[in-house]
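**Student:** The structure is given below, and queries will be raised subsequently.
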Amino acid sequence: MTAIVTNAKSRIAYNVVKSLGQKGVNVISSDFVPISMSFASRYSKGHFLYPSPFSRDSERFIDSIIENIARFKAKVLIPVYEETFLVAKYKERLSGLVGMVVPDYDQILLAHNKDRWENVARELKICVPETFDPAEIQKTPDIAWELPYPLFIKPKQGGGGWGITQVNSQKELEQYICQESYCGRSWDRFYLQRKIEGETHCVAMLFNKGGLRAKVAYKQLREYPLKNGQATLRISIDSPHAESDLKSFLEHIRWHGVCQADFIVESATGTPYLIDINPRFWGSLAQGIAAGVDFPYLYYKIALDGDVAPVIGFKKDVMTRWIGGDLRAFFPLLKEAQHKVTFVQNFLYPKKGLIMKDDFSCHDPLPFCTWVIDTLYRMIRYKTAKPVTHDQLEGIWE
């Protein structure tokens, strides 16, 4: 059977392609970027380019997917990144042509918008940090001195650490609030959230029409960007309270598909606070696979056969690593480290050992090489040492 996987440039898609390819599935990878790492994988049996799903004429992306479903006689479509939202939006056009495990578009919007899922979470007695509206503070500046600092400025929609800034005092907040915009966007796209001190625990789940089929939980050990970014090193753990909270939330909205959520487990109380939800495949997908929960293949089987036997357990103390992110984090972390030699030793050789890497495999090295080439190309093109994203998400999902 043939499966089409989107967003081939990402390590997320690479893990989907590798998982399915190792099990004999005929995988076709796709993207709008010609230099995409999954195109170079031994597990990708073909690939095609589609129009950017982030352009104003987003239906051209759907038209291309439909055309290639027929061309490759695909039985399953696995959208990986935010193109999942478009697939959900045009679900009626696609559902009769190919198998998918995608929620309805209104479910996507509920889970993706922090100002929407927060109300549902509170109704279910799930702890959420206090939040505040920048517009109210602009109207009534005196409110600022009453707020519980430190705070985060965060986007209502977004991920990967984009747009997140810590504000430590009233004076700092006033310096931001007096500006007409933030990060080049209007303030109505952002909110303020009280900072919770503690560890970041992540929970990922696969649901089939409101029923849990698989789960994994893990703790972030390192991240990039530092302090507010994506996990570059993580380890699987039990986090029963956080797992129960996400399960309750997804059952309540009768979720269908994959979903991942971030919690901060408060150091003082041990209480997990829900801080973010990703209604799609997530950056640390390799963690679940390494811990014995093959989310891509389970997703594929549900799309193809309608259901799959639940896989509720997972291996603990399994460590995985995102090499590309860890390399970017190395020098900032080295600068902060008190014992430089010890840090370098632990960075190169983690004590527990690594089971799996997000973006590199000795049996399939070309995808990582392709990622390096693409990264260097973008650095030269944009004349910057910092990574430049291919995806320009100027709009907002609504």
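Quick note: the coordinates plus some simple rules give every number you see, no bench work behind them. Quick caveat: nothing in here was measured; it's all calculated off a predicted structure. Using ideal geometry, Cβ is built from the backbone for each residue, glycine included, and neighbour counts are taken over all protein chains shown.
**Student:** To the nearest 20 Debye, how big is the dipole of the stretch 55-191 about its Cα centre, given +1 on the beta carbon of each Lys and Arg and -1 on that of each Asp and Glu?
**Tutor:** Value, rounded to 20: 660 debye.
**Student:** So what is the calculated 222 nm ellipticity per residue for the chain, using -39500 (n - 2.57) for each DSSP H run with n of 4 or more, over all residues, to the nearest 500 deg cm²/dmol?
**Tutor:** Value at 222 nm, helices only: -10500 deg cm²/dmol.
**Student:** Might you report the magnitude of the Cβ-based charge dipole of the chain about its Cα centre, with Lys and Arg at +1 and Asp and Glu at -1, to the nearest 20 debye?
**Tutor:** Taking the Cα centre of the chain as origin, the dipole is about 1460 debye.
**Student:** Mind telling me which of 15, 228, 168 comes out most flexible in a GNM of the chain, alpha-carbon contacts under 10 Å?
**Tutor:** The residue that fluctuates most here is 168.
**Student:** Next question, about the same structure. What is the dipole size for the stretch 2-100, taken about its Cα centre, with +1 at each Lys and Arg Cβ and -1 at each Asp and Glu Cβ, in debye to the nearest 20?
**Tutor:** Result for the stretch 2-100 is approximately 420 debye, rounded to the nearest 20.
**Student:** Any idea what angle helix 11-22 forms with the longest principal axis of the chain, computed on alpha-carbon atoms, 0 to 90 degrees, nearest 10?
**Tutor:** 30 degrees
**Student:** Let me ask something else about it. Between 187, 152, 163, whose Cα lies farthest towards the positive end of the dipole of the stretch 130-194 when Lys and Arg beta carbons carry +1 and Asp and Glu beta carbons carry -1, centred on the Cα centre?
**Tutor:** The residue sitting farthest along the positive end of the dipole is 163.
**Student:** Between residue 339 and residue 380, what is the spin-label point distance in nm, taking each point 7 Å from the Cα along the Cα→C-beta axis?
**Tutor:** 4.2 nm
**Student:** Still on this structure: Got the relative contact order for the stretch 2-100 handy, in percent, Cα pairs under 8 Å and 6 or more residues apart?
**Tutor:** Rounded, it is 29 percent for the stretch 2-100.
**Student:** For the chain, what's the relative contact order in percent, using C-alpha pairs closer than 8 Å and at least 6 residues apart?
**Tutor:** Taking the mean separation of contacting Cα pairs over the length of the chain, I get 17 percent.
**Student:** Same structure again: Would you work out which of 39, 24, 90 lies farthest towards the positive end of the dipole of the stretch 2-100? Charges go on Cβ: Lys and Arg +1, Asp and Glu -1.
**Tutor:** Toward the positive end, the furthest listed residue is 24.
**Student:** May I ask for the distance between the Cα centers of the stretch 108-145 and the stretch 234-294, given as a whole number of Å?
**Tutor:** Cα centroid of the stretch 108-145 versus Cα centroid of the stretch 234-294: 20 Å apart.
**Student:** Ratio to report: Rg/Rh of the stretch 232-359, with Cα atoms as the point set and Rh obtained by the Kirkwood method; give two decimals.
**Tutor:** When Rh is taken as the Kirkwood radius, the ratio is 1.01.
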